Amino acid sequence: MDPLHTQHGMPESEAAAEARCLIDDWAAKPVHHHPTSFRDDTAPPAFGTTPPVQQPDHRIVPAWAAGIAVASIGVGAGITGIGCGAWLVLQGLSSVTLTGVLMATLPFAAVAMVATAIGGAISKARTAVTKNVFEGPVTHHTEIHNNSTTRGAFFARTRNEIR
């Protein structure tokens, strides 16, 4: 007897009919819903016999921490603005061509060239015409007096006086 090729159970058509019968039987039963929450819709009384209780203000976050949080939000927004500005500048710089750079710097180069020419002309005009000629002997006199004293043996200190 070969267990792999032997047919067990009911034929395929009977199995399909039995499955259809089980599914129809299950679908015919009502679904029981179990509530997971409850809401009381009755209106609360406008006033009652219990006196009001004072509820002091106990903040969870200290004032200094809230201040730091607000400051960090401001710093973050400011840094974001700076980053967006840098992005825009870099986007503009990425589309720069050599011709554009030359055209943009041409006026500055022209102004610098004119300023250099004017400065050179003023420098030539202001050169001194007078010449100072000194006549007479020039002497140079130097005297060196060296007094050297050494004190101590192990941690010696030498003192030089040059006059």
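Odds and ends about this structure:
- Chymotrypsin sites (Phe, Trp or Tyr not before Pro) restricted to DSSP loop in region 29-111 with at most 13 other C-beta within 10 Å: PHE38, PHE47
- In degrees, nearest ten, helix 12-28 long axis to first principal axis of the chain (Cα): 80 degrees
- Stokes-Einstein translational diffusion, region 1-87 - Kirkwood Rh over all Cα pairs, 1.306 mPa s, 10 °C, in µm²/s: 68 µm²/s
- Per DSSP, loop trypsin sites (Lys or Arg not before Pro) in region 50-140 with at most 10 further Cβ within 10 Å: ARG59, ARG126, LYS131
- Gaussian network model of the chain, Cα within-10 Å springs - most flexible of ALA46, ALA66, ALA121: ALA46
- The charge dipole of the chain, taken about its Cα centre with unit charges on the Cβ of Lys, Arg, Asp and Glu (plus for the first two, minus for the last two), comes to roughly 2340 debye.
- Largest GNM mean-square fluctuation across ILE60, ILE118, ILE144, computed for the chain with C-alpha springs under 10 Å, falls on ILE144.
- Taken over the chain, the alpha-carbon convex hull comes to 1246 cubic angstrom per residue.
- Calculated over region 73-139, the projected area of the Cα convex hull averaged across directions stands at 12.6 nm².
- Solvent-accessible area of the chain (1.4 angstrom probe, protein heavy atoms only): carbon and sulfur portion equals 65 percent.
- Packing, as the average of other Cβ atoms within 10 Å across residues, places the peptides 15-23, 150-158, 50-58 in the order 15-23, 150-158, 50-58, highest first.
- Structural descriptor for the chain: relative contact order 8 percent, calculated from alpha carbon pairs under 8 angstrom and at least 6 residues apart.
The values are calculated or read from the model by the stated rules, or taken from the named source; none is laboratory data. Every value quoted in this text rests on a predicted model; they were computed, and no experiment measured them. FYI the Cβ positions are ideal-geometry reconstructions off the backbone, even for glycines, and counts take in every protein chain you see. These area figures cover heavy atoms from the full protein model, side chains too; ligands, DNA and RNA do not enter into them. Shrake-Rupley method; radii C 1.70, N 1.55, O 1.52, S 1.80 Å.
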